[in-house]
Amino acid sequence: MLGGIALAVVAALLFNNSLTQAPPQNPNNASSQIPYSELLSNVRQDRVTKIDIFDNGRTGVVSMRDPINGTPSRFRVNLLAGDQAFYPLLRDKNVDITIYPPNNSGALMGLLQTLLLPILLLAGLFFLLRRSGGGAGGPGQAMSFGKSKARFQMDAKTGIKFDDVAGIDEAKVELQEVVQFLKKPERFTAVGAKIPKGVLLVGPPGTGKTLLAKAIAGEAGVPFFSISGSEFVEMFVGVGASRVRDLFKKAKENAPCIIFIDEIDAVGRSRGAGIGGGNDEREQTLNQLLVEMDGFEGNAGVIVIAATNRPDVLDAAIMRPGRFDRQVTVDRPDFKGRLEILKVHARNKKLLPDVSLERVARRTPGYSGADLSNVLNESAILAARRRLEAISFKEIDDAIDRISTGLVRPPLVDGKKKRLIAYHEVGHALVGTLLAEGDPLSKVTIIPRGGGTGGFAQFYPSEEMIDSGMYSRSWIMARIITALGGRAAEEIVFGEDEVTVGASSDIQNVARLAKDMVTRFGMSDLGPISLTGQGSEVFLGRDLMSRSECSEEVAQQVDHQIREIVEFCHSEAKRLLSENRDLLDRLVDLLIDKETLEGQEFRDIVAQKIPLTERHKNASAITA
Ligand code: ADP
Ligand code: ZN
């Protein structure tokens with residue numbers, strides 16, 4: 001207790017001191033300005049004792065002390081609001097932080113100022129007590145911030161139904177089950193089925209991931225809790241974790257319910273991505289999320305739905321069984337999907353009877369659901385501006401023009417580019433389907449996606465293979481040949497000079513697979529040896545390590561083996577496609593027309609010319 005009083009006195013002195021010296025309410029009081037970089041280096045050199053933060057973290061007034069003669073000085077700094085390493089650094093260096101509310105108008109300010117001192121006093125006291133109690137850097141620090149501004153939203157009734165979501169039928173079918181889990185959990189638990197805890201929705205922005213999650217809640221008639229991953233990651237270490245805790249607590253009290261985490265990649269990036277300046281705030285938040293998810297039983301009635309468009313950067317721990325063990329892809333809609341979405345959004349719009357939504361859908365390849373809803377909305381605004389009774393095709397046309405110039409990915413109008421992408425993707429799909437060991441095709445599409453991909457061919461890898469980890473040599477070879485099929489088709493049809501960079505990620509995949517064959521699986525002429533160390537946890541310079549472990553001579557042999565594998569596979573891909581050029585052309589024409597071909601549709605066409613091998617013949621059982 002005595003300690004508490006002493007601290008209170010210290011705090012009082014501290015505040016009085018700073019107030020008499022120079023009232024910090026106005027950052028302009030500081031004599032001169034220094035650059036942010038200079039601030040950082042001064043903090044690192046332990047010269048900074050105190051920082052006052054203004055304007056929602058954009059401006060700071062820094063108190064420094066000369067290390068030699070102890071002279072104090074104050075400077076003004078423009079802060080970088082997005083620098084997430086900043087506050088952890090201040091904390092490490094024990095810099096006192098005071099945050100001032102944004103400057104308001106005079107009279108109110110006067111009143112506030114009189115109130116401010118006692119409040120700040122208490123806050124300062126609280127901080128000091130925390131620090132002395134929890135030990136420096138303890139995880140409990142600044143914990144109460146999460147509580148005081150719980151930033152998740154709760155929707156008791158979303159009012160959204162599956163009917164409002166269109167054009168993403170596969171995702172809808174997969175998620176219909178989740179509604180049943182929420183509505184009738186007994187039915188599943190009675191037979192011993194484990195109810196999934198987490199579903200990860202993967203897809204580009206605006207494709208309806210949030211809408212789907214809301215529809216699940218709406219259909220099941222349960223509350224909808226939502227938060228965005230970027231909101232978790234706040235200034236103070238520990239805030240995100242405490243928000244996660246609050247969120248799950250509230251959700252459990254309201255079970256059955258849905259927790260929706262948008263942009264989960266903001267918290268869920270691979271941990272340890274960076275030596276030294278690692279972001280411990282994000283890691284703590286992620287850890288807390290994992291702890292919460294592990295902590296409740298599936299039948300507690302809380303289902304967590306997360307959304308991302310960057311599944312590749314997610315930490316592997318997130319996908320572990322019992323967490324987000326279901327992954328559902330939400331793609332940009334194809335022609336049919338776009339038509340369905342337009343129909344949904346046309347419901348409450350007044351369209352002239354001769355407006356053909358089909359024509360609109362044809363004009364909008366690459367548009368997401370959000371883009372389409374935007375098109376109809378804009379056209380309604382245009383119609384109102386033009387004082388029309390109803391929307392005509394002209395307004396829609398103008399709205400598309402207006403929106404498409406603002407879209408990042410231009411729809412594929414360029415005939416040659418579209419053909420080239422179609423050949424590339426059909427190249428993958430056809431090679432994969434012709435190979436006995438190839439995986440069955442799920443679909444091939446030329447609908448542009450984020451990240452610069454013009455389309456993709458998707459396969460179903462065999463589940464036994466993945467589960468057992470027993471990859472056979474011929475299976476890996478088939479994957480390499482398939483991956484090279486895209487580039488091979490471009491070469492055959494457009495000549496070697498015309499090949500594009502569109503295949504660069506294919507080439508990387510190929511290089512990785514071929515290297516694994518030689519150095520990890522012992523599947524080359526070098527024989528059954530493993531040349532990599534087991535230390536794959538070392539995330540920096542993994543390749544460097546494995547290199548230096550073997551001699552220069554062996555390294556050369558490895559390179560040689562890799563090249564042989566790749567060359568062989570490349571010529572196989574070219575051979576398969578050249579021998580079936582007619583099929584290739586036919587499938588490309590069809591794909592250009594329809595934008596997406598389902599696996600079964602594709603196989604049926606191939607089978608008209610070449611008998612399918614067992615794996616592909618039985619594919620409908622998997623892909624159905
Ligand atoms: P995401 O979460 O994938 O970024 P949203 O669910 O927030 O996308 O979509 C934004 C809006 O776009 C929705 O509220 C809806 O009006 C419209 N929209 C997007 N996808 C669809 C869809 N598949 N069907 C109907 N409307 C959609
Ligand atoms: Zn490719």
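With a Förster radius of 25 Å applied to the C-beta separation of residue 370 and residue 170, the computed FRET efficiency comes to 0.85. Each residue of the range 434-444 was assigned a 3J(HN,Hα) from its phi angle through the Karplus curve 6.51 cos²θ - 1.76 cosθ + 1.60 (θ = phi - 60°); the sequence is 7, 7, 4, 8, x, 7, x, 6, 8, 6, 10 Hz, with glycine and proline shown as x. Backbone amide hydrogens, once placed in the peptide plane, bring residue 328 within less than 5 Å of 200, 201, 202, excluding anything fewer than 5 places away on its chain. Positive contributions from Lys and Arg (+1) and negative ones from Asp and Glu (-1), summed over other residues with Cβ under 9 Å from the Cβ of residue 221, come out at +1.
Taking the Cα centre of the range 151-329 as reference, the dipole from Cβ charges on Lys and Arg (+1) and Asp and Glu (-1) amounts to some 360 debye.
Here the simple spin-label model places points 7 Å from the Cα toward Cβ, and for residue 436 and residue 581 these points are separated by 2.7 nm. Extension gain for residue 608 to residue 92 (0.36 nm times residue separation, less C-alpha to C-alpha distance): 178.9 nm. With a 1.4 Å probe rolled over the protein heavy atoms of all chains, the accessible area of 97, 400 falls in the order 97, 400, largest first.
Take the Cα of residue 33, step 7 Å toward its Cβ, do the same at residue 85, and the gap between the two points is 2.4 nm. Dividing the C-alpha radius of gyration of the range 575-624 by 2.2 N^0.38 Å, with N its residue count, gives 1.18. Highest mean first, the peptides 247-254, 286-293, 306-313 sorted by other C-beta atoms within 10 Å per residue fall in the order 286-293, 306-313, 247-254. Volume of the convex hull of the range 151-329 (Cα atoms only), normalised per residue: 106 Å³.
Taking all protein chains as they are arranged and a probe of 1.4 Å, the heavy atoms of residue 92 leave approximately 120 Å² accessible to solvent. Working from label points 7 Å from Cα in the Cα-to-Cβ sense, the residue 161 to residue 99 distance is 4.4 nm. In the context of the full set of protein chains, the range 151-329 has a per residue accessible area of 41 Å² (1.4 Å probe). Note on residue 45/residue 122: beta-carbon distance plugged into 1/(1 + (r/R0)^6) with R0 of 41 Å gives a FRET efficiency of 0.80. For residue 310 and residue 512, the difference between the fully extended length at 0.36 nm per residue and the C-alpha to C-alpha distance is 70.7 nm. For the range 335-405, what D do you get in µm² per second when you plug the Kirkwood radius from alpha-carbon pairs into Stokes-Einstein at 20 °C and 1.002 mPa s? Reported coefficient: 182 µm²/s. Note on residue 177 and residue 350: the extension gain reaches 58.8 nm, defined as 0.36 nm multiplied by sequence separation minus the Cα-Cα distance.
Taking amide hydrogens as placed 1.01 Å from N in the peptide plane, the amide H of residue 99 sits under 5 Å from those of 53, each at least 5 positions away in sequence or on another chain.
Residue by residue, the range 218-223 carries 3J(HN,Hα) couplings of x, 5, 7, x, 10, x Hz when phi is fed to the Karplus relation 6.51 cos²θ - 1.76 cosθ + 1.60 (θ = phi - 60°); x denotes Gly or Pro. In this structure the range 335-405 gives 53 Å² per residue of accessible area when probed at 1.4 Å with all protein chains present. Net charge of the neighbourhood of residue 563, taken over other residues with C-beta under 13 Å away and scored Lys/Arg +1, Asp/Glu -1, is -3. Under a 5 Å amide H cut-off, with hydrogens placed 1.01 Å from N, residue 269 pairs with 315 among residues at least 5 apart or on other chains.
The values are calculated or read from the model by the stated rules, or taken from the named source; none is laboratory data. Quantities reported herein were computed from a predicted structural model and do not represent experimental measurements. For neighbour counting, all protein chains shown are included, and Cβ atoms are generated from backbone atoms with ideal geometry for every residue, glycine included. To get the accessible areas, we keep the full protein, side chains included, count just its heavy atoms, and leave off ligands, DNA and RNA. Shrake-Rupley method; radii C 1.70, N 1.55, O 1.52, S 1.80 Å.
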